[in-house]
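This report refers to the structure that appears directly beneath it.
The values are calculated or read from the model by the stated rules, or taken from the named source; none is laboratory data. Since this is a predicted model, take the numbers as computed values, not measurements. Please note: Cβ atoms are built from the backbone with ideal geometry, for glycine as well, and neighbour counts cover all protein chains shown. Only protein heavy atoms, including side chains, enter the accessible area calculation; ligands, DNA and RNA are left aside. Shrake-Rupley method; radii C 1.70, N 1.55, O 1.52, S 1.80 Å.
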Amino acid sequence: MTDDIVASVVRQWQAVNPGLDTGPMELIGRINRCAALLQQAEDAPLRAAGLTRAEFDLLGAVRRTDRELTPGELARETFSSGAAVTKRLRALQERGLMDRRGDERDRRVAHVRLTEEGRALVDRLLPEQLAYERAALSGLDDERRGELSSRLSELLVQLEGRLGGARR
């Protein structure tokens, strides 16, 4: 197996500081590098549709919950700030993909839903996106993908418990 970029960085650190425990860097560095590469590659179908990953996440959250959501609920579902959600919602509304209505009892509350065009776009894009992601992972067989997914899930549950960010 050839060295990855993280192995090279670790060797450099060990050369200048031989006693340094680079174990955390080896794992977190690889996770971060994989995430960066996947982010660049996996968004091609979304870019072709004129969407960012964050915008698609908002559309997907409303589609998968299959109900209207408030901007606060969308922020929690997508791990985004309220300001970021507001900005993205405005852009998606301008494109006719989402629609917002005020609450009859509390004018401070808004309810967000997909338009028919938004629903159709998500339903068309999601299979394309999943196929693209499947192709990005094609170097791993089903067993290795399952094992990696399970291990990353363990890490995620542990980090969410200690560092916060767990879904409510």
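Tabulated values for the structure
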read-out	value
Local electrostatic count, ARG145, Cβ distance below 14 Å [Lys/Arg +1, Asp/Glu -1]	-2
In sequence order, calculated HN-Hα J values of segment 17-31 (Karplus, 6.51, -1.76, 1.60; Hz; x Gly/Pro)	8, x, x, 6, 7, 9, x, x, 5, 5, 7, 5, x, 5, 4
Positive-end residue of GLY146, VAL16, ALA84, charge dipole of the chain with Cβ unit charges	ALA84
Approximate shape of segment 1-101 as ellipsoid semi-axes (Cα gyration tensor, √5λ), whole Å, largest first	40, 15, 10
Phi to ³J(HN,Hα) by Karplus 6.51 cos²θ - 1.76 cosθ + 1.60 over segment 132-142, Hz, x for Gly, Pro	5, 5, 4, 5, 5, 9, 5, x, 10, 6, 4
For the chain: accessible area per residue (Å², 1.4 Å)	69 Å²
Built amide H within the under 5 Å cut-off of VAL109, gap 5+	ASP103
Leading residue at positive end of dipole, the chain (Cβ point charges), from ASN32, TYR132, ALA49	ALA49
Rounded Å value of the spacing that divides the Cα centres of segment 1-42 and segment 109-146	29 Å
Apportionment of accessible area to carbon and sulfur, the chain, percent (1.4 Å)	53 percent
Mean projected area (nm²) of the alpha-carbon convex hull when segment 20-168 is viewed from all directions	11.3 nm²
For the chain, calculated [θ]222 nm from helices alone, where every DSSP H run of n ≥ 4 adds -39500 (n - 2.57)	-22000 deg cm²/dmol
